[in-house]
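**Q** Quick one: structure below, then a few questions.
The values are calculated or read from the model by the stated rules, or taken from the named source; none is laboratory data. Predicted model only: the values in this text are computed from it and were never measured. Here the Cβ positions follow ideal geometry from the backbone for every residue, glycine too, while neighbour counts run over all protein chains shown. SASA here: full protein model, heavy atoms, side chains in, ligands and nucleic acids out. Shrake-Rupley method; radii C 1.70, N 1.55, O 1.52, S 1.80 Å.
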Amino acid sequence: MNTSTDTFQLYHYGESLCSQMVRLALEEKQISYVSHHMHLELTGENLSRAFKKINPNVVVPVLIHNDVPLYNSWEIICYLDNHAPTKGTPLMPTSAEGLAALDEQVMENALRGDIALGDNFGTSIAGASTYILANILKRRPALSVMWDYLTKHPDPMRKFAFCVLRLRGGLPKPLYEKFIRRLAVGLADCEQRLADGREYIFGDYTMLDIMMTAHLHRIEDVHLDGILTTGRLPNLADYWQRVQARLSYKPAMTDQHSWEWRAAMDEVYQGQASPFLPLLESALNDQLSDLETRKAAA
Ligand SMILES: N[C@@H](CCC(=O)N[C@@H](CS)C(=O)NCC(=O)O)C(=O)O
């Protein structure tokens, strides 16, 4: 690694889960970068011709390393760890359990474009946030939003989803219920992994903890964090405190909040718990009982 000539530029949005993950990785690896903070739904900046030259797929984050653009948050994180293996925190697991489970767990937590919303934990937490996106889109005239997404967004599923969000204020309710049930599966799984008192998901801190930090931060944003105080997820609740106490958390997460996202959160939730919290509680209880029954039978 030649740090003196290395330059990193990050195109990102304050509240995007994938941008948060890459910023956490950059902080953990102690790699400095030039920040290009963008707005997404508020202005449609990511659909502009200028940004399409940087990423024709119009999504953030994009990390540019010495003129080479890198896409996909989990691939960027692996790239950074490979590029600077001895700098900052190593992000790959060293335990046998971690090595065996990493790929599957990364795919479970990633915002993958090749599966439907709600088919893994990552896309479920993104889906559960869409009331916030709808509220931000409401700041712009419906016709301008429809024109932008229908003519400029390359992803057929997303362009349709953004129009539905602008016109209906949210996706159909059964979809949110699907997201919530999928979240219960992931939360129960993490609780179970942490149950032996380990500090992080695979023992030592890894890229999976980066992904979970962004997801738990989002659980707070969508006012589902009451799930951490029910007493059903004691290890995950402690883990959440632990990842927030890391030096990476403030610069990568809270220092990067975007005003329109915070305003939308306040307007959507009005300081109250999400109306989906009871469903999350009951789905989590089912999930935890199921895991206990399976453990007892093993
Ligand atoms: N697979 C990509 C997903 C990137 C992604 O979906 N980014 C979202 C924000 S988290 C985005 O830019 N959305 C804007 C849009 O689709 O218009 C990654 O992991 O980086």
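**Q** Go through (1) aliphatic (A, V, I, L, M); (2) more than 18 Å from Tyr200 (Cα to Cα); (3) away from the ligand (no atom under 11 Å from the Cβ) for Ala96 and report which single condition fails.
**A** Tallying (1) aliphatic (A, V, I, L, M); (2) more than 18 Å from Tyr200 (Cα to Cα); (3) away from the ligand (no atom under 11 Å from the Cβ), Ala96 fails exactly one: (2).
**Q** Are any residues in the range 245-257 surrounded by 15 or more Cβ atoms within 10 Å (Cβ to Cβ) and within 15 Å of the chain's Cα centre (by Cα), and if so, which ones?
**A** Scanning the range 245-257 gives Tyr249, Ala252, Met253, Gln256.
**Q** Of everything in the range 133-155, what is within 12 Å of the ligand (Cβ to nearest atom) and either touching a strand residue (DSSP E or B) at 6+ places or on another chain (Cβ under 7 Å) or assigned to a helix (DSSP H, G or I) (or both)? Give them in sequence order.
**A** Selection gives Leu133, Ile136, Leu137, Val145, Asp148, Tyr149, Lys152.
**Q** Another question, if that's okay. May I ask you to say which residue of Asp81, Asp103 is of a type outside the set (A, V, I, L, M, F, W, C), out of contact with any helix residue (DSSP H, G or I) (no Cβ under 8 Å at 6 or more places or on another chain) and either more than 13 Å from the ligand (Cβ to nearest atom) or outside any helix (DSSP H, G or I) (or both)?
**A** Asp103
**Q** Across the range 33-68, which residue is most open to solvent (accessible area, probe 1.4 Å) among those that are assigned to a loop (DSSP other than H, G, I, E, B) and farther than 17 Å from Gly14 by Cα?
**A** Asp67
**Q** Related question: When you go through (1) among the β-branched types (Val, Ile, Thr); (2) farther than 24 Å from Ile219 by Cα; (3) within 14 Å of the ligand (Cβ to nearest atom); (4) in contact with a helix residue (DSSP H, G or I) (Cβ under 8 Å, 6 or more places away or on another chain) one by one for Thr43, which number turns out not to apply?
**A** Condition not satisfied by Thr43: (4).
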